[in-house]
Ligand code: ADP
């Protein structure tokens, strides 16, 4: 029923009580006046009866449906229509009688000792004639109650009817107004709970029906927008996850908001969730904290290159580019951090630095010698024939060393430059090897080293840069003869290896210690520096061989045993073989 119902009931109760009180008063007043009239009539009738009024009193009582009592002025009951006067006590103290004796008129609503019931009494005493008895009439007070209760019943009936009508109305209202609103509310709650498929079906043509239609349109629109957003989000996630660069978004405090797969991979945390953690702490690189410091206030990207020291096994250098992001979704300043693996970059950079240092060092030695000899000659030694000749020869030797060095440096720079090489031709490697062997035959003979060529029976045609390939083979044969003592042998072989071709130079020379073998292809690496120099080596020969092989899509290989000899091989891939093209 609720609070409203309770209030209505309270109001109805109070109103009924008030009306009842008022009615009761009015009824009593009306009845008193009525009794007053009856008393006058009785008084007139009794006056006519004379000395024996009992019978008249009884009759009048019956006729008027009223109790009639005659009371002498001293209180003695003379006659009563419903009781025996002789048995009744003195009535002088009855309030209505006392009042009548004093004022001529009295009324009282009280309990009757004689009848044992509540009566409304009205008594009259004629003030003009003191000899006349007091006439008292009375009616059962229940008359008032009966009338009141009949009125109350009518009121209650009306109230009940009203309540019934109200109830029926509220049921109708619930059916036609509240139900549809509940349906819409339930659907709205489902949508709020994430169920975007919630719809309402109100089969009505009034405003509520329109509300239902508008609601469904709204939920449709919401579905389509959310679907669109979801698709965008998935597309973005796919792009981010398939990027080869690591991408991180951090807030103003350097806390990770978003990280793609590549970023986690590069930071060495592939299976961790960095979101919500401070970036520098999570990856244990304090430099990052500095890089991200004040990032939102910057106008330009900040770059950082750090060596990841957390990995003992593999050296790894990471490059970070942090850019402030002002227009972030939340309105707060964020930063975007791109991470890339700069290990190879760093290696190249360091190699270049090493190379420059090595080149300077290599150039410096012969230049210093030349300067010293020239200075001595200028200082007067030039006049001395015995000194001048050997000095000029020394200067010549150093100058040609310098020249060889510069040629090798230019050569290796060109090979490393990665510029695509258009000048390749189909060549028979047998012929190429034969030319190189022929070139070195005299040197070999002078050193008493047997230099032999083992060519392939058929043509070993490959797509090669003639100059480069000759220079590679030349270096190998040159080394082989240089490091092989007299009585030894150098065998140059051209062969097929799998689908590709093979150039092999085998010697019976001094060999290379196992620990040096992996390094002989490095630039400027020499097992024995003094010996190499004495032999006129630059330390770049094998590096050139390696680069020529790589440039042709092939590779180099070295085997050696100290005291027994070394074998160097250049493998060329099948693609440089014409039959495969
Ligand atoms: P170099 O100009 O000094 O010969 P290379 O790059 O050609 O420079 O060779 C590097 C080093 O490898 C040489 O200094 C030498 O110690 C070693 N080496 C190269 N070829 C041979 C070989 N056939 N036998 C023994 N040692 C060799």
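Where a number appears in this text, it was derived from the coordinates with a stated rule and is not lab data. Note that this is a predicted model, so its numbers are computed, not measured. No Cβ is skipped: glycine too gets one built from the backbone with ideal geometry, and neighbour counts run over all protein chains shown.
For the chain, what's the relative contact order in percent, using C-alpha pairs closer than 8 Å and at least 6 residues apart?
Numbers: 857 pairs, mean separation 35.8, N = 581.
So the answer I get is 6 percent.
Contact order normalised by length for segment 466-533, with contacts defined as Cα pairs under 8 Å and 6 or more residues apart; what percent is it? Walk me through the numbers before you get to the answer.
Numbers: 57 pairs, mean separation 16.5, N = 68.
In percent, rounded to a whole number, it is 24.
Report the normalised scattering of the chain as log10 I(q)/I(0) at q = 0.10, 0.11, 0.12 Å⁻¹, calculated by the Debye formula with identical scatterers on the alpha carbons.
Listed by q, the Debye log ratios stand at -1.05, -1.12, -1.16.
Taking the chain as the reference, fit the longest principal axis to its C-alpha atoms, fit the long axis of helix 343-378 to the helix C-alpha atoms, and give the angle between the two in degrees, 0 to 90, nearest 10.
30 degrees
If one takes the longest principal axis of the Cα atoms in the chain, at what angle in degrees, from 0 to 90 and to the nearest 10, does the Cα axis of helix 142-173 lie?
Relative to the chain, helix 142-173 is tipped by roughly 20 degrees.
So, in Å, what gap is there between the alpha-carbon centers of segment 469-485 and segment 26-58?
166 Å
Is segment 421-580 rounded, prolate or oblate when judged by the Cα gyration tensor, a ≥ b ≥ c being the square roots of its eigenvalues, rounded requiring a/c under 1.5 and prolate requiring a/b larger than b/c?
On the way: a/c = 1.82, a/b = 1.45, b/c = 1.26.
Here segment 421-580 falls in the prolate category.
Can you give the FRET efficiency for residue 105 and residue 148, using 1/(1 + (r/R0)^6), R0 = 30 Å, r = Cβ-Cβ distance, to the nearest 0.05? Provide the component values of the computation, followed by the final result.
Working: r = 25 Å, r/R0 = 0.85.
Efficiency computed from Cβ-Cβ geometry: 0.75.
Hey, how many Å between the Cα centroid of segment 62-93 and the Cα centroid of segment 272-338?
What the calculation gives is 119 Å, centre to centre.
Please find the FRET efficiency linking residue 397 to residue 190, where r is the Cβ-Cβ separation and R0 is fixed at 60 Å, and quote it to the nearest 0.05. Could you put the intermediate results ahead of the total?
Numbers: r = 95 Å, r/R0 = 1.59.
Here the calculated transfer efficiency is 0.05.
Express in nm, to one decimal, how much length is gained between residue 499 and residue 365 on full extension, taking 0.36 nm for each residue of separation and deducting their alpha carbon distance. Can you show the working numbers first?
Numbers: separation 134, 0.36 × 134 = 48.24 nm, distance 4.58 nm.
Difference between extended and current length: 43.7 nm.
At q = 0.15 Å⁻¹, what base-10 log of I(q)/I(0) does the Debye formula yield for segment 111-219 when every alpha carbon is treated as an equal point scatterer in vacuo?
Listed by q, the Debye log ratios stand at -0.83.
Based only on Cα atoms, what mean projected area does the convex hull of segment 347-415 have, in nm²? Display every interim value, and only then the final one.
Numbers: hull surface 19.6 nm².
So the mean shadow area of the Cα hull is 4.9 nm².
Relative contact order of segment 56-143, please, whole-number percent, based on alpha carbon pairs below 8 angstrom and at least 6 residues apart. Numbers along the way, then the final one.
Working: 189 pairs, mean separation 23.3, N = 88.
Worked out over segment 56-143, it gives 27 percent.
Over segment 243-341, what number does the Rg to Rh ratio reach, with both radii from the alpha-carbon atoms and Rh per Kirkwood?
0.94
Which peptide among 296-303, 315-322 comes first, and what is the full order, when sorted by highest mean count of other Cβ atoms within 10 Å? Each step should come with its number before you reach the end.
Values: 296-303: 11.8, 315-322: 19.0.
The densest-packed peptide leads the list: 315-322, 296-303.
Hey, what angle do you get for helix 385-416 against the long axis of the chain, alpha-carbon based, 0 to 90 degrees rounded to 10?
It is inclined by approximately 30 degrees.
What does DSSP give for segment 2-148 in terms of the percent of beta bridges that are antiparallel, rounded to the nearest 5? If you can, show how the numbers build up before the last one.
Details: 21 of 21 bridges.
Roughly 100 percent of the beta bridges in segment 2-148 run antiparallel, per DSSP.
What residues of segment 123-154 lie in the reach of a label at residue 12, counting those whose backbone N is under 19 Å from a point 7 Å from the Cα along Cα→Cβ?
Under 19 Å, as judged by backbone N against the label point of residue 12, lie 149-154 of segment 123-154.
Using the C-alpha gyration tensor of segment 10-139, what are the square roots of 5 times its eigenvalues, in whole angstrom, with the largest one first?
Details: eigenvalues 174, 43, 40 Å².
Here the semi-axes work out to 30, 15, 14 Å.
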